[in-house]
Amino acid sequence: MAAAMRHRGPDGEGFLVNDPRAPGLTAKTVAGGLLVQTRDNAVVEDMDLKPVTKRAPSNAELRDLRFAFRVAKHVKSNTIVYAKDSATVGIGAGQMSRVDAARIAARKAQDRVLAEAFRVLKPGGRLAVSDVVVRGAVPAEIRRSMELWVGCIAGALEEKEYQEKLARAGFESIDVEATRVYKAEEAREFLAAAGLDANVVGPQIDGKFVSAFVRAVKPARKAACCGPSCCA
């Protein structure tokens, strides 16, 4: 059921404008019938938002939060939306787990974060990040369990992908220095508690998760050419 209101324009009545606050029902086809539910007519602008954090969000952050709420309403559940300056920077949608949705959104947002880091650095400036990096392919089911053991690393990138993202942002001299390599033997008890056979899973994850320093450099500006001879 589409909710709409008639609008009188300069040329008379004729076109319809959707009213997001209108009540009604929505229907979706399912095997053998229809799924009918109350229409989601909530509008974030009508809500009395009460911060529960120690620091209240700024006006700009509230605008981004309201924008993210509006986007999330129209994205397939479960969904996580990251927004900045009234634009989406990462959306994770249609996942059974909100953790997985957050992971997907974070990976998409990293391009924006790295681009912003490149922008604010002076030419010749250096980027240094302490992060968890994945070395090689790890089956998704095993990866989720390992991420819980290693720590909260939603959005952790594979090493080569990390380097490619930094290069796309414009960085050079990219280096990933492992500071700790997580061994399967260390996770044996955790794997068993998660219902995974350490003897089977171990070879698939041994040494794949590492804590690392990621370093890169923003290229220095090239000196202006003063003539045909000095730039040769």
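The values are calculated or read from the model by the stated rules, or taken from the named source; none is laboratory data. What you see is a predicted model; the values in this text were computed from it and never measured. As a convention, Cβ positions derive from the backbone with ideal geometry for all residues, glycine included, and neighbour counts pool all protein chains shown. These area figures cover heavy atoms from the full protein model, side chains too; ligands, DNA and RNA do not enter into them. Shrake-Rupley method; radii C 1.70, N 1.55, O 1.52, S 1.80 Å.
Some observations on this one:
- Computed accessible area, Lys73, all protein chains, 1.4 angstrom probe, square angstrom: 70
- Close amide H partners of Val89, meaning residues 5 or more places away or on another chain with modelled amide H under 5 Å apart, are Tyr82, Ala83, Lys84.
- Cα centroid of the stretch 100-121 to Cα centroid of the stretch 55-80, whole Å: 17
- Residue-span extension gain [Thr29 to Asn41] - 0.36 nm each, minus C-alpha spacing: 2.3 nm
- Per residue accessible area in Å² of the stretch 36-81, where ligands, DNA and RNA are left out and the probe is 1.4 Å: 77
- Residue-by-residue Karplus 3J(HN,Hα) for the stretch 89-95, coefficients 6.51, -1.76, 1.60, Hz, glycine and proline x: 10, x, 10, x, 10, x, 9
- The lysines whose alpha-carbon is closer than 26 Å to the alpha-carbon of Lys28, local same-chain residues fewer than 8 away aside, are Lys73, Lys76.
- Partner aspartates and glutamates for Lys84 [C-alpha distance under 20 Å; skip if fewer than 8 residues away on the same chain]: Glu45, Glu61, Asp64, Asp111, Glu116
- Descending by average beta-carbon neighbour count within 10 Å, the peptides 29-36, 75-82 line up as 75-82, 29-36, the highest first.
- For the stretch 21-84: rounded, prolate or oblate by the Cα gyration tensor [a/c cutoff 1.5]: prolate
- Set of lysines near Lys208 by C-alpha distance (under 20 Å), chain-local residues within fewer than 8 positions excluded: Lys160, Lys165, Lys183
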